[in-house]
């Protein structure tokens with residue numbers, strides 16, 4: 001198992017029904033450091049130096065968050081803004097992120113049919129994540145998979161079990 | 001037997017207690033047994049140290065039982081009493097009725113008269129509040145199902161004592177008894193004949209009114225003086241005064257003390273009263289138990305050993321079976337039911353009172369009195385052994401079930417947060433907690449402020465929190481968070497030391513005046529330290545930065561950053577300077593400030609990678 005950093009961002013976690021279960025998938029995994037950003041930075045004062053020093057140690061970053069109003073939770077966006085450094089992607093800069101890989105695990109309230117070109121929002125989830133995707137790409141981070149959980153507000157226990165199983169498979173990606 | 005002066009007698013009594021109680025503790029026995037054993041030791045059948053006035057001493061120390069009831073009353077706010085009424089009534093009433101019925105039948109069949117059996121059953125149905133509460137406390141079982149059920153039953157019994165005490169004189173039809181009891185009536189004689197049966201109601205009403213409108217203002221008035229010993233005097237005055245008042249209208253002083261307690265349970269002086277009365281109660285009860293031991297008549301036991309011991313075991317068995325049945329009926333598992341059965345099966349200290357009272361009413365004769373006392377004492381000595389047996393032998397079989405024990409009954413909910421000091425600082429803390437529905441117990445020693453806050457619905461108690469007794473009665477043993485907001489840093493430090501030493505599990509939040517105080521708290525291993533001069537000063541500086549043209553967002557971030565660095569620096573300096581903390585001149589603290597300023601300029605540099613400036617706390 002690669003040394004993994006999970007960056008979990010959920011501004012309304014106390015009202016969560018799905019993510020609270022999904023997080024159990026990380027239990028007992030080796031080499032995984034789980035970080036709940038909204039617990040770590042309740043006042044949105046991110047400490048970039050500390051974050052940068054830490055991030056070097058990991059081979060994989062997992063971004064785990066619900067999509068809110070078709071975008072990233074603000075604290076996760078801020079985390080990226082503060083921690084990622086433009087100098088790393090300049091001509092002869094050394095990029096500490098280079099060569100790492102990443103997974104994106106995200107949940108949306110709407111049904112899968114809504115997130116299609118013909119659907120209600122006329123936009124796919126992957127398009128909503130394009131900013132994050134480009135950021136990873138320019139930093140030479142290899143995005144292994146985007147794992148989307150649809151209809152996250154209305155899942156039965158059985159459906160949740162299936163989704164957890166699927167997520168566990170995703171987490172096993174080499 | 002020799003005659004002793006009072007001081008000498010007290011000396012002997014206390015000496016016996018001091019020697020025997022720690023010995024008993026070593027053997028895993030509760031303190032009550034230790035006292036009784038001490039009493040036996042100094043009694044006429046062993047060392048013969050006590051004089052003829054043991055009976056008088058016992059009578060005098062019954063005030064301890066009255067104080068115990070006052071304290072029980074203090075624990076019970078009227079609303080709380082109301083909330084758990086069903087449980088108390090269900091568990092308590094069934095225990096009392098079934099035990100009385102069982103014991104009545106046994107003694108009646110054994111050839112005692114109906115009246116006598118009934119009185120014996122009344123006395124023996126009681127369990128020992130002192131022994132059981134002590135056990136629950138020692139084993140930390142208050143918040144378990146069995147612990148809460150035990151408490152409910154004891155409570156019902158405590159209340160049941162009152163009507164029983166009132167009932168006994170009516171059972172005794174002896175004119176002599178009534179006339180003898182009559183000579184103490186003072187006030188009642190001024191009432192017209194037809195009103196006299198209503199004295200109970202009058203007295204209770206009078207006490208409720210007194211409690212509501214007189215006691216609290218009276219205590220408030222006394223507390224204004226700011227003298228602790230005056231409040232202790234006032235507490236004693238209250239309890240003894242109420243019991244004397246009740247005696248003068250021919251009612252049980254215990255009833256009076258209990259009602260007075262309940263009426264004061266809602267007042268801000270509750271914990272202060274508890275801590276003031278508690279030592280007296282403890283001392284008097286100790287003397288009471290020792291005198292009980294000293295009056296056990298071994299001649300009677302020796303003359304009828306078979307009868308005494310078999311009676312004791314039968315009483316234990318009947319009570320245990322009843323309790324086990326009740327436990328099962330209330331859907332407790334075997335382990336809980338066994339605990340209930342064994343913990344509450346002894347006959348309690350109220351039986352001593354009741355038996356003596358019954359004897360004074362000529363309901364039972366001297367011989368029977370001695371026998372009954374012996375039986376009571378024997379059951380008291382055996383039940384702790386039963387609990388040890390349960391722990392050592394039976395529990396092994398119940399380990400599987402133990403996990404299922406859930407605390408869903410939740411009748412006794414202790415508040416988890418204690419705030420000490422409710423001035424401008426503490427009240428801000430308390431208000432934010434209250435706005436979010438967190439109930440906290442607040443201690444403050446400004447009587448005016450306490451009265452004001454209470455009228456605004458805060459749960460505030462008056463008292464000096466640096467007295468451990470007050471903290472204990474405020475429930476520090478069950479508390480999880482201790483919030484220290486006192487003005488005086490020395491008092492906060494004292495409390496930190498006290499809490500760290502006695503309640504290592506407690507999370508401590510402390511207000512620090514300045515960096516120098518913070519150093520001390522850090523070195524005392526406190527994790528949550530709030531410097532009152534830090535946040536506000538930084539806010540001010542942030543606004544000044546804005547006025548100088550810095551963007552507001554940037555200024556705020558700089559402020560945040562400064563706070564983090566400052567906190568980390570404080571921690572580091574505290575550790576470094578641990579040794580030479582003793583003397584602290586103005587000059588030295590200036591040097592320290594200079595050191596800080598120098599460090600600031602390093603760590604504010606952009607891309608400062610190497611330092612662990614923001615490492616320690618975020």
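The values are calculated or read from the model by the stated rules, or taken from the named source; none is laboratory data. Everything numeric here is computed off the predicted structure, so don't read it as measured data. When we count neighbours, we look across all protein chains shown, and the Cβ atoms used for this are built from the backbone with ideal geometry, even at glycine.
Data for the structure
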{"quantity": "Filter result for residue B:511 (within 14 Å of another protein chain (Cβ to nearest Cβ), crowded, with 17+ Cβ neighbours inside 10 Å and either touching a strand residue (DSSP E or B) at 6+ places or on another chain (Cβ under 6 Å) or free of Cβ contacts under 8 Å to residues at least 24 places away in the same chain (or both))", "calculated": "no"}
{"quantity": "Residue ID - farthest from the other protein chains (Cβ to nearest Cβ), chosen from residues in the range A:46-63 that are farther than 15 Å from residue A:9 by Cβ and part of a loop (DSSP other than H, G, I, E, B)", "calculated": "A:59"}
{"quantity": "Scope the range A:64-79; condition surrounded by 21 or more Cβ atoms within 10 Å (Cβ to Cβ), touching a helix residue (DSSP H, G or I) at 6+ places or on another chain (Cβ under 7 Å) and part of a strand (DSSP E or B); matching residues", "calculated": "A:65, A:66"}
{"quantity": "Those helices (runs of 4 or more DSSP H) lying entirely in the range B:197-288 with at least 3 residues buried (at least 23 other Cβ atoms within 10 Å of the Cβ)", "calculated": "B:228-248, B:253-264"}
{"quantity": "Search result, residues across the range A:146-174 that are within 17 Å of residue A:126 (Cα to Cα) and either free of Cβ contacts under 8 Å to residues at least 24 places away in the same chain or in contact with a helix residue (DSSP H, G or I) (Cβ under 8 Å, 6 or more places away or on another chain) (or both)", "calculated": "A:146, A:147, A:148, A:149, A:150, A:151, A:152"}
{"quantity": "Count - residues of the range A:23-42 that are assigned to a loop (DSSP other than H, G, I, E, B), within 14 Å of chain B (Cβ to nearest Cβ) and out of contact with any helix residue (DSSP H, G or I) (no Cβ under 7 Å at 6 or more places or on another chain)", "calculated": "1"}
{"quantity": "Flag for residue A:120 being free of Cβ contacts under 8 Å to residues at least 24 places away in the same chain and touching a helix residue (DSSP H, G or I) at 6+ places or on another chain (Cβ under 7 Å)", "calculated": "yes"}
{"quantity": "Failed item in (1) crowded, with 17+ Cβ neighbours inside 10 Å; (2) under 42 Å from the mean Cα position of the chain (by Cα); (3) within 14 Å of another protein chain (Cβ to nearest Cβ); (4) modelled with pLDDT of 85 or more, with residue B:559 passing the rest", "calculated": "(2)"}
{"quantity": "Count of the range B:470-491 residues which are surrounded by 15 or more Cβ atoms within 10 Å (Cβ to Cβ), in a helix (DSSP H, G or I) and either out of contact with any helix residue (DSSP H, G or I) (no Cβ under 8 Å at 6 or more places or on another chain) or on the phi > 0 side of the Ramachandran plot (or both)", "calculated": "1"}
{"quantity": "Set B:526, B:542: member being outside any helix (DSSP H, G or I) and surrounded by 13 or more Cβ atoms within 10 Å (Cβ to Cβ)", "calculated": "B:526"}
{"quantity": "Single match in B:39, B:43 (criterion: modelled with pLDDT of 80 or more, surrounded by 20 or more Cβ atoms within 10 Å (Cβ to Cβ), in contact with a helix residue (DSSP H, G or I) (Cβ under 9 Å, 6 or more places away or on another chain) and farther than 24 Å from residue B:156 by Cα)", "calculated": "B:39"}
{"quantity": "Helices (runs of 4 or more DSSP H) within the range B:66-128 that include 3 or more residues in contact with a helix residue (DSSP H, G or I) (Cβ under 9 Å, 6 or more places away or on another chain) and surrounded by 16 or more Cβ atoms within 10 Å (Cβ to Cβ)", "calculated": "B:93-109, B:114-124"}
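Residues checked against (1) more than 17 Å from residue B:380 (Cβ to Cβ); (2) modelled with pLDDT under 85:
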site: B:293; (1), (2): no, yes
site: B:298; (1), (2): no, yes
site: B:311; (1), (2): no, no
site: B:327; (1), (2): yes, no
site: B:330; (1), (2): yes, yes
site: B:341; (1), (2): no, no
site: B:347; (1), (2): no, no
site: B:353; (1), (2): no, yes
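Yes/no per residue for (1) under 40 Å from the mean Cα position of the chain (by Cα); (2) modelled with pLDDT of 55 or more; (3) more than 14 Å from chain A (Cβ to nearest Cβ):
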site: B:520; (1), (2), (3): yes, yes, yes
site: B:537; (1), (2), (3): no, yes, yes
site: B:564; (1), (2), (3): no, yes, no
site: B:573; (1), (2), (3): no, yes, yes
site: B:580; (1), (2), (3): no, yes, yes
site: B:588; (1), (2), (3): no, yes, yes
site: B:605; (1), (2), (3): no, no, no
site: B:613; (1), (2), (3): no, no, no
